[in-house]
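One structure is given below, encoded as structure tokens.
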Amino acid sequence: MPVTVDVKDGNVGKSLMQLKRTLIKEGLFKELKRRKFFAKPSLAKKLKREAAEKQRNKDLKREIRAAMKADF
């Protein structure tokens, strides 16, 4: 899937930042980092488990903040 970014008024810097944000949002940099080295299956499972735990904690904190905000 190609990614395109329009350059408006010759503002290349702003367009590059927009491209970078788009690539980060799509997860390209994470994928490149993950594929840089081979990970044994046991290590891959461990990393996946740790990432899931990190995401659960993040979601829980977000819910707690939302609940506290709703109380006020």
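How about the chain: which trypsin sites (Lys or Arg not before Pro) there lie in a loop by DSSP and see at most 16 other Cβ atoms within 10 Å?
Lys8, Lys36
Given labels modelled 7 Å from the Cα in the Cβ direction, how far is it in nm from Arg65 to Arg34?
2.4 nm
Only loop residues by DSSP count here, and only those with at most 10 other Cβ atoms within 10 Å; note down the chymotrypsin sites (Phe, Trp or Tyr not before Pro) in the stretch 1-54 that meet that.
Answer by residue number: Phe37, Phe38.
Using only helices, what value at 222 nm comes out for the chain when you add -39,500 (n - 2.57) per DSSP H run of length 4 or more and divide by the total residues, to the nearest 500 deg cm²/dmol?
Roughly -25500 deg cm²/dmol at 222 nm, from the helical runs in the chain.
What's the Cα-based Rg to Rh of the chain, Rh via Kirkwood?
Rg/Rh: 1.17.
Springs between alpha-carbon pairs under 10 angstrom, Gaussian network model over the chain: which of Leu60, Leu23, Leu43 fluctuates most?
Leu60
Using a simple spin-label model with points 7 Å from Cα along the Cα→Cβ vector, what separation in nm is obtained for Arg21 and Arg49?
3.8 nm
Laboratory data are not the source of any read-out in this text; all were calculated from the coordinates shown. Worth saying up front: this structure is predicted, and the values here are computed from it rather than measured. Neighbour counts run over all protein chains shown; Cβ positions are idealised from the backbone, glycine included.
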